[in-house]
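One structure is given here, and the rest of the page talks about it.
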Amino acid sequence: MCYQVVERYSVCRCQYYKHAIDPCSAYGQRGHSVQEKTVLVGYACSLHSTAASSTGSSTQGAGVLPDSGYGSGVYDPAAYR
Ligand SMILES: [Zn+2]
Ligand SMILES: [Zn+2]
């Protein structure tokens, strides 16, 4: 039986890493299947580990430029004449 090791996060069960198939001598024969071997890694992925701590505000602070500061307080010397 061939094995393919698939590492998954133990908390959220997302796929962490899928290894290459480790073939046996019967690899490729009819009716032969590859058995998936799940190896759990000890934590949640980056997506689910952050969602567990701060739920609700996913878009906050994600590289949003504060362009509202520009344009509102533009110093125009011609207007103060
Ligand atoms: Zn095999
Ligand atoms: Zn996950």
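The values are calculated or read from the model by the stated rules, or taken from the named source; none is laboratory data. These numbers were taken from a predicted model, which means no experiment stands behind them. Positions of Cβ are backbone-derived with ideal geometry, glycine not excepted, and every protein chain shown enters the neighbour counts. Quick note on the areas: whole protein, heavy atoms, side chains included, nothing else; ligands and nucleic acids left out. Shrake-Rupley method; radii C 1.70, N 1.55, O 1.52, S 1.80 Å.
Computed from backbone phi with θ = phi - 60° and the Karplus coefficients 6.51, -1.76 and 1.60, the 3J(HN,Hα) list for segment 11-21 is 7, 9, 6, 6, 6, 8, 7, 10, 7, 6, 5 Hz; x is used for glycine and proline. Residue by residue, segment 4-10 carries 3J(HN,Hα) couplings of 10, 7, 10, 8, 10, 6, 6 Hz when phi is fed to the Karplus relation 6.51 cos²θ - 1.76 cosθ + 1.60 (θ = phi - 60°); x denotes Gly or Pro. Of the residues 7, 36, ranked by 1.4 Å probe accessible area with the largest first, the sequence reads 36, 7.
Taking all protein chains as they are arranged and a probe of 1.4 Å, the heavy atoms of residue 19 leave approximately 60 Å² accessible to solvent. Charge tally around residue 1: other residues with Cβ under 13 Å, Lys/Arg +1 each, Asp/Glu -1 each, net -1. Proximity of backbone amide H atoms, modeled 1.01 Å from N, is registered between residue 45 and 12, 14 at under 5 Å, excluding neighbours fewer than 5 places apart on the same chain. First compute the accessible area of segment 1-46 with a 1.4 Å probe, then give the percent of it belonging to carbon and sulfur atoms. Result for segment 1-46: 46 percent of the exposed heavy-atom area is carbon or sulfur. For the pair residue 33 and residue 47, the difference between a 0.36 nm per residue extended length and the Cα-Cα distance amounts to 1.8 nm. Residues in segment 22-39 carry Karplus couplings, in order, of 9, x, 9, 6, 9, 5, x, 6, 5, x, 8, 10, 9, 8, 8, 10, 8, 10 Hz; the curve used is 6.51 cos²θ - 1.76 cosθ + 1.60 with θ = phi - 60°, and Gly or Pro positions show x.
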